[in-house]
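First comes the structure, then the notes that go with it.
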Amino acid sequence: MKIALLSDTHGYMGPDITDLLQGVDEIWHAGDIGPGTVIEMLEAVAPVRSVYGNIDTSMIRDKSPLNQLFELEGLKIFMTHIGGYPGRYTARVRALIKDERPNIYICGHSHILKVMPDHKHDLLHMNPGACGHHGFHKVRTFLRFDLIAGEVKNMEVVELGKRGSVHS
C-alpha cells in the first residue's frame, strides 16, 4: 500500500503537491490543515486520514480527531499533530505510546522533517516536515512510502521547493 504523509499545509494545496500524490492508496495529514478546501482536494486523489492541528478551526476539528490510532498492513499507527520525538515526547503522547504500543508514531507541528527509530519504544517516528508556505521552514516537504506485510519500504522525501515558491 502506497502512502503519502503530509503536514502543515496551512490552507495551501496547489498542483505542485496534488500532482505528486497521484498513485498513492492513502493520504495521511498530520495536522495544521488550515482554512479552505485542503481535505476535499486530497480526497479527490485518495482516501484521507487526518488529525487536527493547533491552527485548525472547529470545522476541521469536526472532521479530523486529535489522534488517529489504526492498523494497516500488520502495523499499528498512531498519528497526532503535537507530540514531540524520541526522547522528547509530550506527557500525553508518551502515555499513549506506552498504552497503545504503536509500530509507527507520526506527528507534525515542528515543520522539521524527521524520520528516526525509537529503540526504547520499538517504533518508527515520522514527521513529514511542512508542505505549506507559512512557517519558518526553508524547504517544503512530505513523505511517500509503502507499507508491505508489516514493514515500511521505499521511503522517499519529496521536496516541493523553497517556502514561498511554487514549482509545478
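The values are calculated or read from the model by the stated rules, or taken from the named source; none is laboratory data. Quick caveat, the model's predicted, so the values are computed rather than measured. Glycine also receives a Cβ, built like all others from the backbone with ideal geometry; neighbour counts cover every protein chain displayed. The protein model used for the area step is the full one, side chains on, heavy atoms only, and it has no ligands, DNA or RNA in it. Shrake-Rupley method; radii C 1.70, N 1.55, O 1.52, S 1.80 Å.
Numbers for the structure displayed
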read-out	value
Pairs where the first residue, in the range 99-116, is under 14 Å from Arg144 (Cα atoms) and touching a residue at least 40 places away in the same chain (Cβ under 8 Å) and the second is assigned to a strand (DSSP E or B) and open to solvent by 60 Å² or more (accessible area, probe 1.4 Å), C-beta under 8 Å, 6+ apart	Leu113/Val157; Val115/Met155
Selected residue (only one of Ile39, Ile17, Ile60 is at pLDDT below 95, open to solvent by less than 60 Å² (accessible area, probe 1.4 Å) and closer than 20 Å to Glu156 by Cα)	Ile17
Any hit, the range 142-151, residues being closer than 17 Å to Ala30 by Cα and among the β-branched types (Val, Ile, Thr)	no
Selection status of His125, touching an Asp or Glu at 6+ places or on another chain (Cβ under 6 Å), at pLDDT 95 or above and within 15 Å of Ser7 (Cα to Cα)	yes
Any chance His121 is surrounded by 22 or more Cβ atoms within 10 Å (Cβ to Cβ), part of a loop (DSSP other than H, G, I, E, B) and out of contact with any Pro (no Cβ under 6 Å at 6 or more places or on another chain)	no
Residue match in the range 148-166 (condition: surrounded by 21 or more Cβ atoms within 10 Å (Cβ to Cβ), part of a loop (DSSP other than H, G, I, E, B) and modelled with pLDDT of 95 or more)	no
The range 95-113, subset within 11 Å of Asp8 (Cβ to Cβ) and among the aliphatic types (A, V, I, L, M), residue surrounded by the most Cβ atoms within 10 Å (Cβ to Cβ)	Leu113
Candidate set from the range 129-147 (those that are more than 11 Å from the chain's Cα centre (by Cα) and among the charged types (D, E, K, R)); member that is surrounded by the fewest Cβ atoms within 10 Å (Cβ to Cβ)	Lys138
Long-range neighbours under 6 Å by Cβ, at least six apart or interchain, first residue closer than 14 Å to Asp62 by Cα within the range 33-44, second assigned to a helix (DSSP H, G or I) and at pLDDT 90 or above	Ile33/Ile60
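Yes or no, residue by residue, for (1) assigned to a loop (DSSP other than H, G, I, E, B); (2) farther than 20 Å from Thr9 by Cα; (3) open to solvent by less than 40 Å² (accessible area, probe 1.4 Å):
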{"residue": "Gly84", "(1), (2), (3)": "yes, no, yes"}
{"residue": "Val93", "(1), (2), (3)": "no, yes, yes"}
{"residue": "Val115", "(1), (2), (3)": "no, no, no"}
{"residue": "Asn127", "(1), (2), (3)": "no, no, yes"}
